[in-house]
């Protein structure tokens, strides 16, 4: 617990002193009507649109998750839920978004706010979706391990780990 808090503070210091996480994405406007490629108009697939939506939401969420960023809890919650929906869509379609590899730093940044009571439920919803993405191997083994640990930490605010994992528990003596 406390060791994780120290790591969050270290990450916050790194972000404060170092460059912000700025992934390079195609502009969101490319997802609207299609994109030009190969000499003609190409209508984007649902998977491509979802991938870009996930990237755009993650980028916006980073503005609210950053310690020196905006402190609008309502927007933070909406963005957590939007990102969870995008992840769930990809998981349900058995698709790994093209931008999945950029998510772990954002997710770790979001989890640094896991002790803020007003945000815990939204972060938990997001991390449940992330756990499913981890099971589908969206991320590297190292990132998966870290994200699953963070999901467990966030989940500890809500009950026992057995309740969160769906493992059978014996309530009878």
Exercise for the section: Compute the distance in nm between two label points, each set 7 Å from the Cα along the Cα-to-Cβ direction, one at residue 128 and one at residue 157. Expected result: 1.5
Problem - residue 94-residue 137 pseudo-label distance in nm [points 7 Å out on the Cα-to-Cβ vector] - result: 1.4
Practice task
Would you order 66, 42 from fewest to most other beta-carbon atoms within 10 Å of each residue's own beta-carbon?
Solution key: 42, 66
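Throughout, read-outs are computed from the coordinates displayed, never taken from laboratory work. All values reported here derive from a predicted model rather than from experimental measurement. Glycine also receives a Cβ, built like all others from the backbone with ideal geometry; neighbour counts cover every protein chain displayed.
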